[in-house]
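A.B. asks: Just dropping this structure here.
Please treat every number below as a calculation from the coordinates, not as lab data. Not measured: the values here are computed from a predicted model. When we count neighbours, we look across all protein chains shown, and the Cβ atoms used for this are built from the backbone with ideal geometry, even at glycine.
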Amino acid sequence: MYPSGFPGQEVDAAGSFVSITPAGAKLEGVQRPTFFRGVATVCMKLFNIVTPEKVYFGQKDVQQTVVIRKMVKDFCMDTEVRVGATVREKDGLAMSSRNVYLGTRRRARATVLSETLQVAERQWKEGARTREQIMGPAEEYVRAFQAAEAAKPAHERVRFEIGYLSLADPETLEELDVVDERRGA
């Protein structure tokens with residue numbers, strides 16, 4: 001995949017890269033500025049080698065799906081990008097090979113992610129359409145969870161932070177003030 005060596009993770013690393021902007025620079029891209037450049041570069045190389053008719057990605061990695069769809073469209077690739085529903089553990093956490101790195105206590109607390117999404121989804125199902133109506137309760141849920149965690153004895157606490165909560169357009173990842181029912185978020 002990398003005949004001249006593994007490309008650097010630095011923003012200004014030398015080499016040939018595929019950058020899908022602005023989608024790759026938002027949300028997770030703020031925290032990890034070269035991550036989606038790497039994803040797009042690897043996928044571009046792989047798609048060029050294999051020339052697949054269809055590729056499958058999980059909804060869990062929604063930003064990745066937006067980046068790959070844009071890459072396929074912008075580079076006129078004859079590949080259909082299919083997105084599968086997020087598969088969850090019994091407690092609601094999205095299944096991921098990376099979950100094993102959480103450890104027992106962090107794994108137990110990681111359900112705050114799916115619980116927060118459920119709070120926002122409940123607001124949507126009850127008719128909320130504005131950012132404040134949908135995200136306000138979700139953000140409050142996170143604050144309450146963090147306060148409860150902080151109140152625990154030090155040996156029971158789990159240090160964590162949520163990098164961002166987003167209510168964004170499903171194609172551009174632009175943050176929305178009001179959700180269009182036809183397009184979703």
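A.B. asks: Could you work out how much longer the chain between Ser19 and Ser166 gets when fully extended? Use 0.36 nm per residue separation minus the Cα distance between them, nm to one decimal. Before the final figure, lay out each step's value.
C.D. replies: Working: separation 147, 0.36 × 147 = 52.92 nm, distance 2.17 nm.
Contour length minus Cα-Cα distance gives 50.8 nm.
A.B. asks: How far is it, in nm, from the label point at Arg106 to the one at Gln133 when both lie 7 Å from their Cα along the line to the Cβ?
C.D. replies: Label-label distance for Arg106 and Gln133, simple model: 3.8 nm.
A.B. asks: Mean separation of Cα pairs under 8 Å and 6+ residues apart, divided by the residue count of the range 1-86: what relative contact order is that in percent?
C.D. replies: 27
A.B. asks: When only C-alpha pairs under 8 Å and at least 6 residues apart count, what is the relative contact order of the range 63-185, in percent?
C.D. replies: On the way: 88 pairs, mean separation 25.5, N = 123.
Contact order relative to length: 21 percent.
A.B. asks: Counting only the backbone N, which residues of the range 96-138 are under 20 Å from the spot 7 Å out from the Cα of Ala150 toward its beta-carbon?
C.D. replies: 106, 109-113, 116, 136-138
A.B. asks: Compute the angle between helix 62-74 and the longest alpha-carbon principal axis of the chain, please, reported from 0 to 90 degrees and rounded to the nearest 10.
C.D. replies: 20
A.B. asks: Then there is this: Out of all DSSP beta bridges with both ends in the chain, state the antiparallel percent to the nearest 5. Display every interim value, and only then the final one.
C.D. replies: Values: 3 of 8 bridges.
Around 40 percent antiparallel, to the nearest 5.
A.B. asks: Compute the Rg to Rh ratio over the chain from the alpha carbon atoms, using the Kirkwood formula for Rh, and round to two decimal places.
C.D. replies: Working: Rg = 18.7 Å, Rh = 18.7 Å.
On the Cα set of the chain, Rg over Rh gives 1.00.
A.B. asks: How far is helix 35-50 tilted off the main Cα axis of the chain, in degrees rounded to 10, range 0 to 90?
C.D. replies: 40
A.B. asks: Find how much the distance from Glu174 to Val30 grows on full extension, using 0.36 nm per residue of separation minus their present alpha carbon separation; answer in nm with one decimal.
C.D. replies: Details: separation 144, 0.36 × 144 = 51.84 nm, distance 1.36 nm.
Here the answer is 50.5 nm.
A.B. asks: Treat each spin label as a single point 7 Å out from the Cα along the C-beta direction, and report the Arg88 to Leu113 distance in nm.
C.D. replies: According to this spin-label approximation, the distance is 1.3 nm.
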